[in-house]
1. Quick check: residue separation of residue 89 and residue 130 times 0.36 nm, minus the Cα distance between them. What number comes out in nm?
2. Determine, for each peptide in 7-14, 103-110, 24-31, the mean count of other beta carbons within 10 angstrom over its residues, then list the peptides with the highest first.
3. If you project the alpha carbons of region 78-139 onto the principal axes, what extent comes out on each, in Å, largest first?
4. Which value at 222 nm does the chain reach when only helices count, each DSSP H run of 4 or more adding -39,500 (n - 2.57), with the total divided by all residues and rounded to the nearest 500 deg cm²/dmol?
5. What FRET efficiency comes out for the pair residue 122/residue 30, r = Cβ-Cβ distance, R0 = 35 Å, nearest 0.05?
6. State, to one decimal in nm, how far the label point of residue 52 lies from the label point of residue 82, with both points 7 Å from Cα in the Cβ direction.
7. So for the chain, averaging the separation of alpha carbon pairs under 8 Å that are six or more residues apart and normalising by length, what relative contact order in percent results?
8. Relative to 2.2 N^0.38 Å, what does the C-alpha radius of gyration of region 1-43 come to as a ratio? Two decimals please.
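All of the numbers you see were taken from the coordinates with simple rules; none came from a lab. Worth saying up front: this structure is predicted, and the values here are computed from it rather than measured. A quick note on method: Cβ atoms are made from the backbone with ideal geometry, for glycine too, and the neighbour counts reach across all protein chains shown.
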């Protein structure tokens, strides 16, 4: 239990520090204009990513698996963030950007089917990359 509290504290500190970046940037530029909703959504997304990582990484003691899963989550987060902030296809209001939801769906479905086993997760990440490659083609 002590280890869990320590890890939760590390995640909370990391999330707090990350959320300080836009807060500080807002003091120096008009380009960053977050409101309380933006901070709450980003905090919830970051907390969700940390929670998912902890729940899944706990299943394996292998460093390679933990790193690979973390890199996959980081990629998913960056795709979400860029797509929500400015859009990948045109602006963030372009309906074609919603197709990127298929990338997240492929990752979720593949992870569940593979039961988070390393071999299945490798195939899942390949499928996710393929779906991400096909989204602009379909749009």
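1. Between residue 89 and residue 130, full extension yields 13.1 nm more.
2. The densest-packed peptide leads the list: 103-110, 7-14, 24-31.
3. In descending order, the Cα extents are 37, 21, 13 Å.
4. Numbers: 5 runs with 107 residues, N = 139.
Using -39500 (n - 2.57) per qualifying helix, the result is -27000 deg cm²/dmol.
5. The formula returns an efficiency of 0.20 here.
6. Result: 1.7 nm between the two label points.
7. Once divided by the residue count of the chain, the mean separation gives 14 percent.
8. Details: Rg = 13.4 Å, N = 43, 2.2 N^0.38 = 9.2 Å.
So the Cα radius of gyration is 1.46 times the expected 2.2 N^0.38 Å.
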